[in-house]
Structure formats: C-alpha cells, structure tokens
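Step one of this worksheet: look at the structure below.
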Amino acid sequence: MFKINDNYLKLPGSYLFSTIAKKVNEFTNANPDKKIIRLGIGDVTQPLAPAIIESLHKAVDEMGKAETFHGYAPDLGYEFLRTTIQKNDYEARGCDIQADEIFVSDGAKSDSANIQEIFSIDNKIAVCDPVYPVYVDSNVMAGRTGSYDPATERWSDVIYMPCTADNHFAPEFPTENPDLIYLCFPNNPTGSMVTKEQLQAWVDYANKIGAIIIYDAAYEAYISEENVPHTIYECEGARTCAIELKSFSKNAGFTGTRLGYAVVPKDIKSNGVTLHSLWARRHGTKYNGAPYIIQRAGEAVYSEAGKAQLKQQVAYYMNNAKVILEGLKKAGYEVYGGVNAPYIWLKTPNQMTSWEFFDYLLENANVVGTPGSGFGPSGEGYFRLTAFGNYENTVEAVERIIKL
Ligand SMILES: Cc1ncc(COP(=O)(O)O)c(C=O)c1O
C-alpha cells in the first residue's frame, strides 16, 4: 500500500492569498456595485516592454524554421543568457562571478523552494519573521522543520529572526547557530533594505559559523538608495557562503513569462564537494531548461532599449509607491518600505489586528491589501500594500484610505 509524504499534512491552514480571494469574492457578491481596488498580490500590471516583445517574436520565428529551431535547452541555460547576466549583473558591479556559476531557471519561487534539496535534512534553517512563505513551506515538505505549534504559529526546528519596527526590519544574529540562512533584500513583505555593512556582517557571520546564506534578490531592480548592495557578491567572502537567487518577474514583468536564475559559486564546499556540482546534478536530473524563446526574451532585458524601457517601468511602480507612502503618512499612518522596494508596510491603526484592518479596508475603502500576520507572527499588527497596481487605481485607493 502506498504511503503519502505526510509532511504535506503538517502545512497549516489555507494559503494566504486563497483566503484573501475568498473574502474578496464574498464581499463582491454582496456588494456588486462597489469598485474594488486590489493592492494585495505582488503581481505586476504593466505589459512586457517593446524590446522584449520584439525579441519574443524573433525567437518564435526562429522556432518555425529547421535551420534555427531549438529543442531541449542546455540544462544550465543558454550560454548567450548566462554570459549576458554575468557581464551586466556581476562584472559591471565588480563582482567575481563566472557565467558557469549561473543556473538559468523558470523563476525564483522554484529555486527558493528547490535549493534546500541539496542540503542534509539535519540542517537547521533560519528565516526572517515575517517572511516570503515559500522558504519555510518547502522545508516543511522536506521534513526539516519539526512540529507546528498553532498557538505561536511557529515550527519547533526553525529559527525565527523577528523583523519589526524596533530593529528597523533588519534581522539580528540568532542566539542558536543556523546552517541555512534565508535572507531577502529588498524585502518582501516589509519593503526594507540593509546596508552594505549590514550584509557584510551576515556574510562574515555565515563564514564564521559555517552556514550558507540563501539570498533572494528578486526585487533588486527597485533599489534607489546609495550604499545598498545590489548583489550579495559585493560583500567580501560571499563566494564561500552565499547562493543568490534572481527573478525576471519584478524587474521585467515576467511573472507570467517565467525566468530566473540562481548563482552557486564554485568556492562553496563541504568536505571537498562543491554545492555547484550538486545543484548542477539536480538541475540536470529534474529540469529540462527554460524555453529558448523565453531565454531570448531574458537577453533583451539587458539590451540598451530593454534597459531604458524597464527603467521606466520600475520608475512607474516606484511612483505608485511614493503616492502610497506620502498619502498614508499624510493621513497619519506609520509607514515603512516603498523606497528600495515596491512594497509599503504599514502599522495597523488603533491596535487593530492585521485581519481586522484587512476587513476594515475592504468594507470601508473597498481596497484589498495583505494582512502582515499572513507572513509570520511578527507581521501581526502590520499590513502590506503593493505598488504594482496602475497609477490611477493607486491614487484612488490612497484617496479613499485618507478619507476614512
Ligand atoms: C521574495 C520573493 N522571491 C521570489 C518570488 C517569486 O519570483 P518568481 O516569479 O521569479 O518565481 C517572489 C514573488 O512574489 C518573492 O516575493
């Protein structure tokens, strides 16, 4: 008789965004005349830039001719894309990362969920709280997190690093040594960023205790401040302790197109075995590569025209962030983020819980956001709004919130 992987049964509750969708549906059914503005899910709304569309069309045409047809992509990604990424995202920033240390994938969600597979089940993970849920849930599925306590909403074998206004949403070194440390900057959901010195301290710490940092830089394109690291490889020593995950979703609108990459430097070793060789083996066995057409589209992200168009797209969303940030500040809200990230993280007013504020905003302003508690217990009392909507809706949503 077959047995299921009962680690899946340990996963608590329904997925955050399903609960939100259910509540919004109920509200819409009861109030069909109300115009709902959605600033909840972190999905982009602007169409793909013209340079990307042009490249997609060209690649589609190539696929229709025998001479230029492409079948299975190389496991680790086409050389043209890996070299382009290496030059633009690393060499141009003075970082020592080689093209063969870059693994092209279908996005940072898969990579951040899958990367744990190459580590022993005995490894202890540390995560920020609140956190992008995929890091914890994928470790739950693997059986690495112990038991769940519904009262504290915490797993017995996970080290939580609270990130609240008290520590400016920057995690502190845990008292117990972790083996795998998940960091995400610019941060989802808090919209916070760390300085180069802060990130360097994490790299030094990881090297000292022999831990690996899994650094999710999906929102790197939204960095606007100086002295803020665009990649963890700006930090000295990161080649021996850090894996970096990147996505084309937020910088180039690929949420539905799907492309990302992981960087695994060859200097990370355990008893003489490189993590690079394990990830290459895993990729080769379980993945047949991102489509040629999409990898060509990814290459166009780095073309002169692509860069210029995407700079405008990011600026469009960041203007929305400014509208939300300034509007809410004017209305007396305590607000964070929105400067190096497309997320605004606000303190709920009048001691409301995150879900109470969700209902209040939905019912009175017909605006949908995301309750902070959905990202972890330290998110309780906070609320996330995204800048990924269109400008007109964002302005209207903020006007409605100010009027409350
Ligand atoms: C922190 C973080 N990492 C990864 C992802 C997923 O990226 P992708 O679309 O490349 O799978 C998201 C998406 O919202 C995210 O917020």
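The values are calculated or read from the model by the stated rules, or taken from the named source; none is laboratory data. The model shown is predicted, which means the values in this text are computed figures rather than measured ones. FYI the Cβ positions are ideal-geometry reconstructions off the backbone, even for glycines, and counts take in every protein chain you see.
Taking region 123-138 only, how many residues are surrounded by 18 or more Cβ atoms within 10 Å (Cβ to Cβ), aliphatic (A, V, I, L, M) and within 12 Å of the ligand (Cβ to nearest atom)?
The number of residues fulfilling the criteria is 2.
Based on this model, can you work out whether LYS208 counts as free of Cβ contacts under 8 Å to residues at least 12 places away in the same chain and not hydroxyl-bearing (Ser, Thr, Tyr)?
yes
Of the residues PHE17, PHE2, only one is aromatic (Phe, Trp, Tyr) and at pLDDT 95 or above; which?
PHE2
Taking region 178-202 as the search range and keeping residues that are under 22 Å from PHE119 (Cβ atoms) and in contact (Cβ under 8 Å) with a residue 40 or more places away in the chain, which one is nearest to the ligand (Cβ to nearest atom)?
Across region 178-202, the extreme among qualifying residues is CYS184.
Taking the options ASP61, ASP122, ASP137, name whichever one is under 30 Å from SER373 (Cα atoms) and over 25 Å from the mean Cα position of the chain (by Cα).
ASP122
Please enumerate the residues belonging to region 195-219 that are among the charged types (D, E, K, R) and surrounded by 23 or more Cβ atoms within 10 Å (Cβ to Cβ).
Selection gives ASP216 alone.
Across region 265-308, which residue is nearest to GLU54 (Cα to Cα) among those that are basic (Lys, Arg) and not in a helix (DSSP H, G or I)?
Among them, the one singled out is LYS266.
Scan (1) surrounded by fewer than 17 Cβ atoms within 10 Å (Cβ to Cβ); (2) within 16 Å of the ligand (Cβ to nearest atom) for the single condition ALA165 breaks and write down its number.
Looking at each condition in turn, ALA165 falls short on (2).
Can you name the condition, by its number, that VAL24 falls short on among (1) at negative phi; (2) surrounded by fewer than 20 Cβ atoms within 10 Å (Cβ to Cβ); (3) out of contact with any strand residue (DSSP E or B) (no Cβ under 6 Å at 6 or more places or on another chain)?
Among (1) at negative phi; (2) surrounded by fewer than 20 Cβ atoms within 10 Å (Cβ to Cβ); (3) out of contact with any strand residue (DSSP E or B) (no Cβ under 6 Å at 6 or more places or on another chain), VAL24 violates only (3).
Considering each of PHE80, PHE2, PHE27, PHE69 in turn, give the residue that is more than 30 Å from ASN139 (Cβ to Cβ), assigned to a loop (DSSP other than H, G, I, E, B) and of a type in the set (Phe, Trp, Tyr).
PHE69
With respect to ILE97, determine if the residue is within 20 Å of THR240 (Cβ to Cβ) and either buried (at least 23 other Cβ atoms within 10 Å of the Cβ) or under 16 Å from the mean Cα position of the chain (by Cα) (or both).
no
When residues of region 217-272 are filtered for being basic (Lys, Arg), within 13 Å of the ligand (Cβ to nearest atom) and more than 21 Å from GLN198 (Cβ to Cβ), how many remain?
So the answer is 2.
From the list ILE294, ILE324, ILE344, which one is within 15 Å of the ligand (Cβ to nearest atom), closer than 30 Å to PRO32 by Cβ and crowded, with 20+ Cβ neighbours inside 10 Å?
Answer to the check: ILE344.
Among (1) assigned to a helix (DSSP H, G or I); (2) touching a His at 6+ places or on another chain (Cβ under 8 Å), which single condition is PHE103 missing?
Going through the list (1) assigned to a helix (DSSP H, G or I); (2) touching a His at 6+ places or on another chain (Cβ under 8 Å), PHE103 breaks only (1).
Of the residues ILE223, ILE232, only one is under 19 Å from the mean Cα position of the chain (by Cα), buried (at least 24 other Cβ atoms within 10 Å of the Cβ) and farther than 18 Å from PRO178 by Cα; which?
Just a single option satisfies the conditions, and that option is ILE232.
Of all residues in region 219-276, which are free of Cβ contacts under 8 Å to residues at least 24 places away in the same chain and under 16 Å from ASN340 (Cα atoms)?
Within region 219-276, just GLU226 meets the criteria.
Can you tell me which residues in region 66-122 are more than 16 Å from the ligand (Cβ to nearest atom) and small (Gly, Ala, Ser)?
Scanning region 66-122 gives ALA66, GLY71, ALA73, ALA92, GLY94, ALA99, SER120.
Would it be correct to say that SER192 is crowded, with 17+ Cβ neighbours inside 10 Å and either in contact with a Gly (Cβ under 8 Å, 6 or more places away or on another chain) or outside the structural domain of ASN271 (by TED's automatic domain parsing) (or both)?
Yes.
Could you please tell me which pairs satisfy a Cβ distance under 7 Å, a separation of 6+ or placement on different chains, a first residue in region 300-320 that is farther than 23 Å from PHE80 by Cβ, and a second residue that is in a helix (DSSP H, G or I) and among the β-branched types (Val, Ile, Thr)?
These pairs meet every condition: ASN320/THR394.
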